[in-house]
1. Go over the candidates D185, D220, D240 one by one and state the one that is surrounded by fewer than 18 Cβ atoms within 10 Å (Cβ to Cβ), modelled with pLDDT of 95 or more and on the phi < 0 side of the Ramachandran plot.
2. Of all residues in segment 223-237, how many are surrounded by 15 or more Cβ atoms within 10 Å (Cβ to Cβ) and over 19 Å from the mean Cα position of the chain (by Cα)?
3. Which of the residues that make up segment 197-206 are touching a strand residue (DSSP E or B) at 6+ places or on another chain (Cβ under 7 Å) and more than 20 Å from L45 (Cα to Cα)?
4. Go over the candidates L20, L69 one by one and state the one that is at pLDDT below 95, of a type outside the set (D, E) and surrounded by 15 or more Cβ atoms within 10 Å (Cβ to Cβ).
5. Pairs only if they're at least six apart or on different chains, beta carbon under 8 angstrom, first in segment 158-170 and under 16 Å from R26 (Cβ atoms), second open to solvent by 60 Å² or more (accessible area, probe 1.4 Å); list them, first residue then second.
6. Scanning for something outside any loop (DSSP other than H, G, I, E, B) and without any contact (Cβ under 8 Å) to a residue 12 or more places away in the chain, does segment 98-108 turn up at least one residue?
7. Could you check, for segment 88-97, whether at least one of its residues is closer than 25 Å to Y250 by Cα and of a type in the set (G, A, S)?
Amino acid sequence: MLIPDMEKFHENDKEMLTDLERLFRRWYKSALSKSFMYNYNADSLVFDGFYPYYYNQKVKVLFIGRESLGISGQNYITVLYDAYKNNKVGSKTINRSSFHARMFYITYALNNQEYNWSNIPYASELTDSFGTKEGISFSFMNLSKLSNESSGWSADWPLIDNFVSSFKSDEINFFNEQISILKPDLIIAMNLGKSLRALGNLTSIEKGKNVNVHKLKVNDSYIPLLNTFHFSAPAKKDPDDYFKPVIEAYKKYVLKLNKL
């Protein structure tokens with residue numbers, strides 16, 4: 001499925017859904033001529049995008065991960081939207097699913113100007129209103145549109161690199177085009193390392209202990225990009241390793257300066 005069911009989305013979202021569908025059809029057509037690892041093909045692609053009411057957010061946040069897990073050929077947004085609304089991702093509640101809960105916490109903070117960690121609600125308290133006029137929403141894309149179908153949780157970097165390199169010679173940068181449609185105010189990437197360059201013209205602003213600050217050129221403007229730890233990294237603490245560093249970088253480079 002290229003895009004989710006439009007009935008779940010606000011009228012303001014539907015034009016962009018159509019734009020994404022047009023882009024994904026073009027991406028799919030290009031993938032038909034590619035050779036991927038593990039005999040993956042164009043029908044294996046897992047397309048992503050944004051959740052309902054994303055374009056109504058005060059601060060539109062785009063999170064960029066590495067790859068999906070165990071959902072080959074499905075639509076990422078459809079699968080995870082249902083998981084969020086049911087407060088269960090796989091066998092875990094969303095509070096115990098650090099990868100997803102951390103996106104909720106940061107999105108809530110930025111859109112409610114609540115920068116005190118102790119005042120952030122649990123993710124489970126935000127799921128009922130998620131994707132509604134009253135709640136939070138965000139956009140999400142994985143660098144690789146191929147799902148890791150192994151039994152492990154470690155990123156399959158050979159597969160990710162194989163996917164990214166397969167489209168280097170295409171006439172457009174599909175990653176940058178998707179970001180252009182999503183129109184984020186802030187991009188938060190999850191430890192993508194050298195693969196960040198696949199997103200387009202990237203300029204480094206500052207390297208920090210927890211967050212590296214960049215700006216990404218999209219069309220004729222620049223979007224602030226924070227590259228931090230992967231949101232499922234073990235032995236990391238929500239407030240100290242993710243929340244506070246991201247908020248500090250946001251205040252310094254996005255909120256205070258308005259732009260990079």
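1. D185
2. Number of matching residues: 1.
3. Selection gives G200, N201, L202, T203, S204, I205, E206.
4. Selected residue: L69, the only one of L20, L69 that is at pLDDT below 95, of a type outside the set (D, E) and surrounded by 15 or more Cβ atoms within 10 Å (Cβ to Cβ).
5. Final answer for the pair search is S166/S35.
6. The answer is no; no qualifying residue exists.
7. yes
Residue by residue, here is whether (1) open to solvent by 10 Å² or more (accessible area, probe 1.4 Å); (2) of a type in the set (D, E); (3) out of contact with any Pro (no Cβ under 8 Å at 6 or more places or on another chain); (4) without any contact (Cβ under 8 Å) to a residue 60 or more places away in the chain holds:
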position	(1), (2), (3), (4)
F9	yes, no, no, yes
Y40	yes, no, yes, no
F47	no, no, yes, no
P52	no, no, yes, no
N56	yes, no, yes, no
G65	no, no, yes, no
Y84	no, no, yes, yes
N87	yes, no, yes, yes
S91	yes, no, yes, yes
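The values are calculated or read from the model by the stated rules, or taken from the named source; none is laboratory data. Just so you know, these numbers come straight off a predicted model, no measurement behind them. When we count neighbours, we look across all protein chains shown, and the Cβ atoms used for this are built from the backbone with ideal geometry, even at glycine. Heads up: the accessible areas ignore ligands, DNA and RNA and are worked out on the full protein's heavy atoms, side chains in. Shrake-Rupley method; radii C 1.70, N 1.55, O 1.52, S 1.80 Å.
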